[in-house]
Amino acid sequence: MHTSEYLTRLAEENLQQIVDRFSQDELIPSSTSSGGGIDPLWARFKRAAINQISGGDATLSRYEIWANTVRDNIVAALERMGKRDSRGAKKLLIRAANSLSAFAEFQAHFDLNALEKHTVPFATRGEE
């Protein structure tokens, strides 16, 4: 099934159910079983991005696997916080945040409007 067909079939109420389920102040496990674990975070991101570049059919499923890996880095960070391992937790949270930033940066290359605005390097955006 192509992406456009799937999105057409995804009813607005299903989207709202997903948003309602996950917009909580507690950790809600995903019902998807794709991917997971804390590694290989960057290899999974790269596979999804390369698939997107080539117009591959597996783009969304590869991003799903990568997203579950990002989530699992955050869950592992929360577990380390519970064990008072703040250094290990911080490392995992930084990995997750950087991976999300890389995703946003990469997607900007596919959005012409964002690309035109995307002229200030990330590190200096707050200094404008």
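The values are calculated or read from the model by the stated rules, or taken from the named source; none is laboratory data. In this text, all values refer to a predicted model and were calculated from it rather than measured experimentally. Heads up, the Cβs are rebuilt from the backbone with ideal geometry, glycines too, and the neighbour counts pull from every protein chain shown.
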Pick from S54, S34: which is touching a helix residue (DSSP H, G or I) at 6+ places or on another chain (Cβ under 8 Å) and either among the acidic types (D, E) or within 30 Å of D111 (Cα to Cα) (or both)? S34
Do the conditions hold for R9, that is, is it out of contact with any strand residue (DSSP E or B) (no Cβ under 9 Å at 6 or more places or on another chain), charged (D, E, K, R) and modelled with pLDDT of 85 or more? no
